Amino acid sequence: MSADRCARHVANATAMATLIHMLLLYSLPDNSTPDSARDLLHAKWGRENCIVWGRSRQAEFGPYPHALSIHAVWGGTQHCHVDGRKIAVDDDNFLILNHGRTCSTSIRAAHPVESLTICFRPDLVGACEQEFIENLQPHDRAVSPVLRFIRAHLERGVVDEAWYEEQLVFLLERMRSRQTRLLEQIDRIELVRPATRREAFRRIGLATDFLHANYSQDVDLGMLARMAYLSKYHFLRLFTLIHGITPR
């Protein structure tokens, strides 16, 4: 397909490419998405590679069970609602959710927000995949360039299953490498009991994500400590140890 034809294809209100092992959706699904498009999305979701990309001021999706997925946003904020948490994904970070998580997403903005969600089909990931850390991760030099590269080709209207498959394999490798490096950093946290390091990081991550989503509100130390299931003193000590600064 030529670049011009691809561009016209993407311009359709609910542009969608249904390939053999992949679904490309060029608009963010919401209540106005045609039933036929929603049915096809649900049939593929969690079973095949799915890439959902688009811009919107108002969008709702889910809740639906996800395969392993990664979420990135540019030009605003998209909230991911999972396990009772509201996680604010924005220009500064990305979010990885493990296979089997039930998640919904929402955008409420005065100007269009660009969102990219990639779900990996289970057989591409493998049955013995170690779970990823499910806290907001700052953009980096490993994962983020691949997300931007895929985003640029979506914007150009590229419809090539083999190319996207190759990029998703490469992206998955980068995600695994980053996870390994992150776990090595966590295991160097100066705690007496090594077994508590990853759990401490997970709990502080819960409070950090909450703070990221609610920093404009009146959030105090007690509230953050409760989000991490810790006493205020223990939370403050661990937060400062992990981040190098206090919550304030």
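Would you say VAL113 is out of contact with any helix residue (DSSP H, G or I) (no Cβ under 8 Å at 6 or more places or on another chain), in contact (Cβ under 8 Å) with a residue 12 or more places away in the chain, surrounded by 15 or more Cβ atoms within 10 Å (Cβ to Cβ) and not in a loop (DSSP other than H, G, I, E, B)? Reasoning before the result, please.
On the way: out of contact with any helix residue (DSSP H, G or I) (no Cβ under 8 Å at 6 or more places or on another chain): yes; in contact (Cβ under 8 Å) with a residue 12 or more places away in the chain: yes; surrounded by 15 or more Cβ atoms within 10 Å (Cβ to Cβ): yes; not in a loop (DSSP other than H, G, I, E, B): yes.
So VAL113 passes the test.
Taking the residues in region 223-248 that are of a type outside the set (Ser, Thr, Tyr) and assigned to a loop (DSSP other than H, G, I, E, B) as candidates, determine which candidate is nearest to the chain's Cα centre (by Cα). Walk me through it before giving the result.
Narrowing region 223-248 to residues of a type outside the set (Ser, Thr, Tyr): 223-228, 230, 232, 234-239, 241-245, 247-248.
Then keep just the ones that are assigned to a loop (DSSP other than H, G, I, E, B); that gives 228, 230, 244-245, 247-248.
Numbers: ALA228: 21, LEU230: 26, GLY244: 25, ILE245: 25, PRO247: 24, ARG248: 26 Å.
Out of the qualifying residues, it is ALA228.
Looking for something closer than 28 Å to GLY76 by Cα, surrounded by 15 or more Cβ atoms within 10 Å (Cβ to Cβ) and not acidic (Asp, Glu) - is there at least one such residue anywhere in region 236-243? There is at least one residue in region 236-243 that is closer than 28 Å to GLY76 by Cα, surrounded by 15 or more Cβ atoms within 10 Å (Cβ to Cβ) and not acidic (Asp, Glu).
Does ALA59 satisfy the criteria of being modelled with pLDDT under 95 and either at negative phi or in a loop (DSSP other than H, G, I, E, B) (or both)?
Values: modelled with pLDDT under 95: yes; either at negative phi or in a loop (DSSP other than H, G, I, E, B) (or both): yes.
So ALA59 fits the description; yes.
The residues in region 132-169 that are over 29 Å from HIS212 (Cα atoms) and either without any contact (Cβ under 8 Å) to a residue 60 or more places away in the chain or assigned to a helix (DSSP H, G or I) (or both) can be counted, and the count is 11. Within region 94-110, being in a strand (DSSP E or B) and either free of Cβ contacts under 8 Å to residues at least 60 places away in the same chain or not assigned by TED's automatic domain parsing to the domain that holds THR77 (or both) holds for PHE94, LEU95, LEU97, THR102, CYS103, SER104, THR105, SER106, ARG108, ALA109, ALA110. ARG188 falls short of the stated requirement of being part of a helix (DSSP H, G or I) and surrounded by fewer than 20 Cβ atoms within 10 Å (Cβ to Cβ). Kindly provide the set of residues from region 206-222 that are under 16 Å from THR246 (Cβ atoms) and assigned to a helix (DSSP H, G or I), ordered by number. Matches in region 206-222: ALA207, THR208, PHE210, LEU211, HIS212, LEU221, GLY222.
In region 71-87, is there at least one residue being touching a Cys at 6+ places or on another chain (Cβ under 7 Å), buried (at least 17 other Cβ atoms within 10 Å of the Cβ), at pLDDT 80 or above and farther than 23 Å from PRO145 by Cα? Walk me through it before giving the result.
Looking only at region 71-87, we keep the residues that are touching a Cys at 6+ places or on another chain (Cβ under 7 Å), and these are 71, 80-82, 87.
Subset that is buried (at least 17 other Cβ atoms within 10 Å of the Cβ): 71, 80, 82, 87.
Applying the additional criterion that residues be at pLDDT 80 or above yields 71, 80, 82, 87.
Subset that is farther than 23 Å from PRO145 by Cα: 82.
So far as region 71-87 goes, yes, one or more of its residues are touching a Cys at 6+ places or on another chain (Cβ under 7 Å), buried (at least 17 other Cβ atoms within 10 Å of the Cβ), at pLDDT 80 or above and farther than 23 Å from PRO145 by Cα.
The values are calculated or read from the model by the stated rules, or taken from the named source; none is laboratory data. Because the structure is predicted, anything quoted here is derived from the model rather than measured. Cβ coordinates were reconstructed from backbone atoms using ideal geometry, including for glycine residues, and neighbour counts include every protein chain displayed.
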